[in-house]
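Below: one structure, written as structure tokens.
The values are calculated or read from the model by the stated rules, or taken from the named source; none is laboratory data. Keep in mind the model is a prediction, meaning the values are calculated, not measured. Note that each Cβ is placed from the backbone with ideal geometry, even for glycine, and that neighbours are counted across all protein chains shown.
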Amino acid sequence: MIKSRLCDLIGIKYPIIQAGMGPFSNNNLCVAAANAGVLGLLSTGGLFSKEDQPWVYNAFVDSGEADRDDDMATAIEKVFKRTHRLVKDKGGIFGPNIMVSAELREYSKIMIETAIKVRKENPEMEKSLKVIYTSAGDPMGWGDMIKGAGFTWIHIVPSVRGAMRAKKAGADVIVASGHEGGFHTHWEPLHSLVLFPAVVEAVSDEKTIVVGGGGVGDGKSLAAALALGCDGVLMGTRFLATQESDFHPMWKQAVVDTQDRGTLIARGFVGPARWLRNSRSEEHAVNTLKKSPGTFLGTPDDYSTMDMSLIDFEVESIKATYEGNKEKALMAGGEIAQRIKDMPKVSDLVQNIMKEAEEVIANLPKNYIS
Ligand SMILES: Cc1cc2nc3c(=O)[nH]c(=O)nc-3n(C[C@H](O)[C@H](O)[C@H](O)COP(=O)(O)O)c2cc1C
């Protein structure tokens, strides 16, 4: 059986993290993942979408058994309590993925404070709500708050420099996120095969654990990440295409149907984003080339300099996805989509991944060492 320091630190059975995939709700997927023995992450980004994308916000609060009129803290508290209720019997472990980019910091703080408060008021939740995972921003300044309250802190980074900053900030687990990954990605791309060992070499030690994400979706890629020095993997796109996943059936099927070279990069809300290739995303990529060339040149732009029609197009296309409108839909997904050929139950998926990884690792000496 494969075990790693990640399992020991968090108390999960398998060294796998089911990625947060905001702003799209994955409240049910998180429950299924936690109950399958991996770390389940709640996407919380939908909470920022109340005004401009109510279809995204409503999906989050409705599936999380919160009320559409709740304030942010109340809504997320209800989602935490629901998740705990649904994972506690199986010993499932979960946490929120909270984006900490500069413009969201005030809201990020509310979510982190709520996680701390809800656990203090309900001490039995210490067994399930164990982790706070931060993304999309500077890790500096969050450590005391998160770790001081007894949570394990995971932060995701796109580079060695980012990893060193996360280590300095005190993160327990640093996720190295390769450019293969789905949806928001880096301005300056670095892919998993180079990034994983580079981050491991730079920051892994007895106090800091490295996890690899981006392009991981089966036992082979889990075994490869372990061989590169990681103590576990993060998977988003693979979990998107599962029975229990909250994503629209059209979107899940689009992942399964993705073929060779089936994704592309075009502008997303907060920078470059990876989309499943279709005529809509190709149109968006052409527009991005004209209106936000920095997306392809590695030179960040922002809402003050870029053409906002790109964001309008994205919002309209995501709405179309929620409506099941195939012609107008933009659907995010990672390169691993081209290797995903089924839509299993989460627990079967996890079992198959672990079995395959064990076989790969067991066969390596037999096949390659004489
Ligand atoms: C549909 C989708 C939405 C995502 N949204 C977010 C997000 O809001 N915040 C974030 O930190 N990462 C987000 N991600 C990235 C994942 O957390 C994870 O890093 C990525 O999926 C890993 O790569 P993979 O897709 O190859 O497994 C998203 C990924 C997908 C597929």
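So the values come out like this:
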{"read-out": "Members of region 301-316 that are without any contact (Cβ under 8 Å) to a residue 24 or more places away in the chain and closer than 11 Å to THR288 by Cα", "value": "ASP307, MET308, SER309"}
{"read-out": "Selected residue (criterion: farthest from the chain's Cα centre (by Cα)) from residues of region 220-249 that are in a helix (DSSP H, G or I) and over 20 Å from CYS30 (Cα atoms)", "value": "ALA227"}
{"read-out": "Tabulated pairs, region 31-49, first more than 23 Å from MET72 (Cβ to Cβ) and assigned by TED's automatic domain parsing to the domain that holds ILE76, second within 11 Å of the ligand (Cβ to nearest atom) and among the polar types (S, T, N, Q), C-beta under 7 angstrom, 6+ apart or interchain", "value": "ALA33/GLN18; VAL38/GLN18; LEU39/GLN18"}
{"read-out": "Matching residues in region 35-61 - criterion: being more than 15 Å from the ligand (Cβ to nearest atom) and within 13 Å of THR83 (Cα to Cα)", "value": "ASN35, VAL61"}
{"read-out": "Only one of THR258, THR242 that is polar (S, T, N, Q), touching a residue at least 24 places away in the same chain (Cβ under 8 Å) and under 18 Å from SER43 (Cα atoms)", "value": "THR242"}
{"read-out": "Identity of the residue in region 257-289, more than 23 Å from ALA241 (Cα to Cα) and among the β-branched types (Val, Ile, Thr), that ends up surrounded by the most Cβ atoms within 10 Å (Cβ to Cβ)", "value": "THR288"}
{"read-out": "Criterion: surrounded by 24 or more Cβ atoms within 10 Å (Cβ to Cβ), over 30 Å from GLY141 (Cβ atoms) and away from the ligand (no atom under 11 Å from the Cβ) - qualifying residue of THR242, THR237", "value": "THR242"}
{"read-out": "Test: residue in region 290-304 that is within 16 Å of the ligand (Cβ to nearest atom) and surrounded by 13 or more Cβ atoms within 10 Å (Cβ to Cβ)", "value": "no"}
{"read-out": "Scan of region 89-134 for residues that are at pLDDT below 95 and polar (S, T, N, Q), ordered by number", "value": "SER101, SER108"}
{"read-out": "Residue list for region 194-223, filter: out of contact with any Cys (no Cβ under 8 Å at 6 or more places or on another chain), within 13 Å of the ligand (Cβ to nearest atom) and aliphatic (A, V, I, L, M)", "value": "LEU195, VAL216, LEU222"}
{"read-out": "Restricting region 112-156 to residues that are assigned to a helix (DSSP H, G or I) and either among the β-branched types (Val, Ile, Thr) or not assigned by TED's automatic domain parsing to the domain that holds GLY20 (or both), the residue that is farthest from the chain's Cα centre (by Cα)", "value": "VAL118"}
{"read-out": "Filter pass, ASP231 being assigned by TED's automatic domain parsing to the domain that holds PRO23 and crowded, with 17+ Cβ neighbours inside 10 Å", "value": "yes"}
{"read-out": "Count of region 5-22 residues which are farther than 12 Å from GLY92 by Cα, away from the ligand (no atom under 15 Å from the Cβ) and touching a strand residue (DSSP E or B) at 6+ places or on another chain (Cβ under 9 Å)", "value": "3"}
